[in-house]
Each structure stands twice: as structure tokens, then as C-alpha cells.
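Enquirer: Sharing a structure here in C-alpha cells format.
Here, each number is a calculation from the coordinates, and none is a lab measurement. Worth saying up front: this structure is predicted, and the values here are computed from it rather than measured. We place every Cβ from the backbone using ideal geometry, glycine too, and count neighbours over all the protein chains shown.
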């Protein structure tokens, strides 16, 4: 098959020679050349008109009659249209499979556009969120009007999910997560978590009730054991050791009950309105002084105050969290080692550091340290009298104050527990306190 552009060049030369011959015969060379070029241009304009009309009608299988370069143009366009048709068919099959797969999911799925408008949703989303087919194109915030959800949409920070009551059934609790994908698109995932929330409530109630019921018998038991320890005519040494051991275990159990009750309160209690000005340097100074007095080695705690910043929050909770961090550092490091407590500025934020020179923690254990009752070394933790709830309490307190807990540790070199408080919780001076309160 000859090259179409070569054929078109031959055709142009044919028009040119024909015009030149006609002009030479009629002695009107300029007029003949002009008419020849005009005829050549008219041919292209006619083919261009046919092409536009063919495309406007959908570029059907029957192509307009043509030759030369225009035949090649029609052929290439028809080939591209066939490829596009096959591509659309494949994409349509993929889209249908995706829709069938998501429609079969028990969790709700909603595709949101750049302006939070609904592009598509599956049947589970319609059931959980109360959506209808006529809601396509509507803003999701106009249909799911819970304040927590609308605030989550407006804030556009989708790292954490939220839970809200179902719009049509307040007894059903829905967990919602939003995931970004594509250009400006987001995927909203809704899950019925009513059973999970019920189980969490039952667990918290069970722990709270059991802990509360254990306090009275433990108090009685501890009181009798203290009386026995102070009894002047105590039986032989083996009884003394037995009573001392019972008293030690009763004290440990009481500490466990106290920690469980505190953790339950932290989980169930709604965070207080920020209305308390906590002087962190003063609190750290007093706390370190109290804990140092209980240590056999003098000056074991070194306090480094490099910031005068205070924190807006609950002083009791903050004191408990800091006390747990320092106590853990003291327990799990050599008796002669130094524990450093630092309070420093970090830009507009502030950071608390508790650094010890203990054995350190392997990297694979660090993510689980804040779990309830999790211990890297169970036997050693029991010997030290730990309850396994200290870091869980710290985590809840830090979260309730909008902070971030970071743990850095290296085996054989010690650990550093850092709590970073956000700018909105930090007061650099008294004037800030007046404005923020």
C-alpha cells in the first residue's frame, strides 16, 4: 500500500501540472494556477465538511467515500473509535464487577465528589445512612446531619474515624471512616458497630462494678492484716512471713483495683471543658520531690525545667499520667541510675520527656506497651509490683488532652517517653490564659 502522504503529494503535483498546462495553452498562466489551487483547496474543504458531519453523527461504521490522505484519516479515526469502544466495554465490565462486589459488602460504601456530593452508594449505605437513589448528587452533609459528622467533614482530617447514631434508627451506632482516593474523590465507609459498642459498655460496666465491689473486702482484709503485723505477741517467723506476704499481695490487688477504676473513669467520663490552668513546672517540681523522698538513692530524679508553659486541662489526670511515667522509669531501671524529667518548649507546643537508663525495650514490643495488662517481662513486672495499667492510663490522659505519646527505646541503652501537648492547650503566659479560658 503506497504512503498516503506520497500519494497526496503526487495528487498536488498533478493539479499543479494540469493548471500549468491549461494556462500555457490559453496564455493565462496566473489565472489557471489560481483556479487549480482553488480546486485543490475545495476538495479538502469538501472532505473536511464530510468529516465533521460524520463525526457529529457518531462516526458510524459507514465512512464517507474518499481517497488519498482522507481515506487514511477516516480509517485511523474508525480504528481509534473501535479501540475506544473496546476500552469502554472493558471498563464497563470492571465497573459492574466493582458495583456488584461493593453491593454485596455488609458495610456501607459511598463515593463522594470534591464538594462532598454523592456520586454512588451501595445498598448497605442506603440502609445504614438512610440514602435513596434520588440523593445522588446531593451534599452528604444535608442528608446525614449529625453535628459530629458535619464537623468531621468540614475539618477534613480523616486519620481517625467517628461513630454516630444512625439517622433513621438512633439505637444503631455507625462507625464512619473516610478515605481519600483519586483526584478530589473520597470513599466513605460505614459499619454497624452497635454490638461492639454494647460489648465495650458491658466490659467497662463489669470492670467498674467488680472493682467497686472488691474495694470493701480488700479494705477489711488489709485492716486485719495491718493489725496482725502490729500485734505484739505474733507467732513464729513463718507466720510473720505469711502475714507480710498476704499484706503485700493485698496491697498489690488494691493498687490494681484503683488503677482499673481510674481507667474506667477515663474511658467513660466525657472530657471536662478546658477551664483549669495547670502550672506544669510547679506540678513537676512537687511531684519529683515527693517521688525522690521515697527513693533509697538520693538525687536519683533530675528535673530540667526549660519552659514556663502551662497546660489547659485536668490537673488530677495530668498528675496521674506524669506520676505513672516517672514511677515506671524508676522501677525498670537500675537503683543507682538517674531518671531525667524534662519540660521544654517545642515551637508553639510544649513537651514532657521522661528518660531512664534501664534495659530498654525491643522495637517489636513498643506498639503494644499502652495496651491493658501488657508486659514485656511478666515475671519482672510482678516482682516490681506493677499492675500493667500505668501506660494505658497515660495514653488515655494524653488523648483526652489532645496530646501525643511517643516512645523511643534501645535495648541496653534505656528509654525516652515523650508527651507532646498541642498549641491550643499551651499557655505561655497569664495573658494567654485569660484569652483561652
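Enquirer: Which three extents, in angstrom, do the Cα atoms of region 8-141 have along their principal axes, listed largest first?
Expert: 89, 27, 20
Enquirer: Which whole number in µm²/s is D for region 280-365 by Stokes-Einstein, with the Kirkwood Rh taken over Cα pairs at 4 °C and 1.567 mPa s?
Expert: The estimated diffusion coefficient comes to 95 µm²/s.
Enquirer: Let me ask you something else. Report, to the nearest 10°, how far helix 280-293 tilts away from the longest principal axis of the Cα atoms in the chain, using its own Cα long axis and a range of 0 to 90°.
Expert: On a 0 to 90 degree scale, this one is about 40.
Enquirer: Please report, to one decimal in angstroms, the Kirkwood hydrodynamic radius of region 105-192 built from all distinct Cα-Cα pairs.
Expert: 12.7
Enquirer: Follow-up. Most fluctuating residue of 41, 352, 391 in a GNM of the chain with Cα springs under 10 Å: which is it?
Expert: 41
Enquirer: Can you give the extra length, in nm with one decimal, that the chain gains between residue 16 and residue 205 once fully stretched, where that is 0.36 nm per residue apart less the Cα-Cα distance?
Expert: Length gained, residue 16 through residue 205: 58.2 nm.
Enquirer: Okay, moving on. Tell me the angle of helix 315-331 to the major Cα principal axis of the chain, expressed in degrees between 0 and 90 and rounded to the nearest ten.
Expert: With rounding to tens, the tilt is 80 degrees.
Enquirer: Under a plain spin-label model, where a point goes 7 Å from the Cα along Cα-to-Cβ, how far apart in nm are residue 138 and residue 65?
Expert: Using points 7 Å along Cα→Cβ, the separation is 5.8 nm.
Enquirer: Now for a different question. Rounded to the nearest 5, what is the percent of antiparallel bridges among the DSSP beta bridges in region 294-427?
Expert: Beta bridges within region 294-427, antiparallel portion: roughly 80 percent.
Enquirer: If you fit an axis through the alpha-carbon atoms of helix 69-104 and take the longest principal axis of the Cα set of the chain, what angle between them do you get, 0 to 90°, nearest 10?
Expert: Taking Cα atoms only, the helix is inclined about 30 degrees.
Enquirer: Something else: Report the per residue volume, in Å³, of the convex hull enclosing the C-alpha atoms of the chain.
Expert: Normalising the Cα hull of the chain by residue number yields 303 Å³.
Enquirer: If packing is taken as the mean number of other Cβ atoms within 10 Å per residue, what is the order of 61-68, 121-128, highest first?
Expert: Ranked from most to least packed, the peptides come out as 121-128, 61-68.
Enquirer: Given a Förster distance of 35 angstrom, what is the FRET efficiency for residue 406 paired with residue 120, based on the Cβ-Cβ distance and rounded to 0.05?
Expert: Efficiency computed from Cβ-Cβ geometry: 0.30.
Enquirer: Under 10 Å, Cα contacts only: if you run a Gaussian network model on the chain, which one of 73, 338, 257 comes out with the highest mean-square fluctuation?
Expert: Residue with maximal mean-square fluctuation among 73, 338, 257: 73.
Enquirer: Next up: Per DSSP H run of at least 4 residues, take -39500 (n - 2.57); add these up for the chain, divide by its residues and hand me the 222 nm value, nearest 500 deg cm²/dmol.
Expert: Value at 222 nm, helices only, nearest 500: -18000 deg cm²/dmol.
Enquirer: Another one. What FRET efficiency comes out for the pair residue 78/residue 187, r = Cβ-Cβ distance, R0 = 45 Å, nearest 0.05?
Expert: About 0.75, to the nearest 0.05.
Enquirer: Report, please, the projected area of region 277-436 averaged over directions, based on the convex hull of its C-alpha atoms, in nm².
Expert: Convex hull of Cα atoms, orientation-averaged projection: 9.0 nm².
Enquirer: Follow-up question, since we're still on this one. Quickly work out the residue 28-to-residue 253 label distance, labels modelled 7 Å from Cα along the C-beta direction, and quote it in nm with one decimal.
Expert: Result: 12.4 nm between the two label points.
Enquirer: Given a Förster distance of 51 angstrom, what is the FRET efficiency for residue 46 paired with residue 97, based on the Cβ-Cβ distance and rounded to 0.05?
Expert: 0.65
Enquirer: Please list, by residue number, everything in region 281-312 whose backbone N is under 19 Å from a paramagnetic label point 7 Å out along Cα→Cβ of residue 335.
Expert: Label zone hits: 291-302.
Enquirer: Which residues does a label at residue 428 reach in region 293-323, if reach means a backbone N under 20 Å from a point 7 Å past the Cα toward the Cβ?
Expert: Output list for this probe position: 305-313.
Enquirer: Which of the peptides 164-177, 241-254 is most tightly packed, and how do the rest follow, going by the mean number of other Cβ atoms within 10 Å of each residue?
Expert: With the highest mean Cβ count within 10 Å placed first, the list reads 164-177, 241-254.
Enquirer: If you average the C-alpha positions of region 336-350 and of region 125-159 separately, how far apart do those two centres end up, in angstrom?
Expert: Taking the Cα centre of each part, region 336-350 and region 125-159 sit 43 Å apart.
Enquirer: What order do you get for 354, 344, 411 when you list them from fewest to most C-beta neighbours inside 10 Å?
Expert: So the ranking, lowest neighbour count to highest, is 411, 344, 354.
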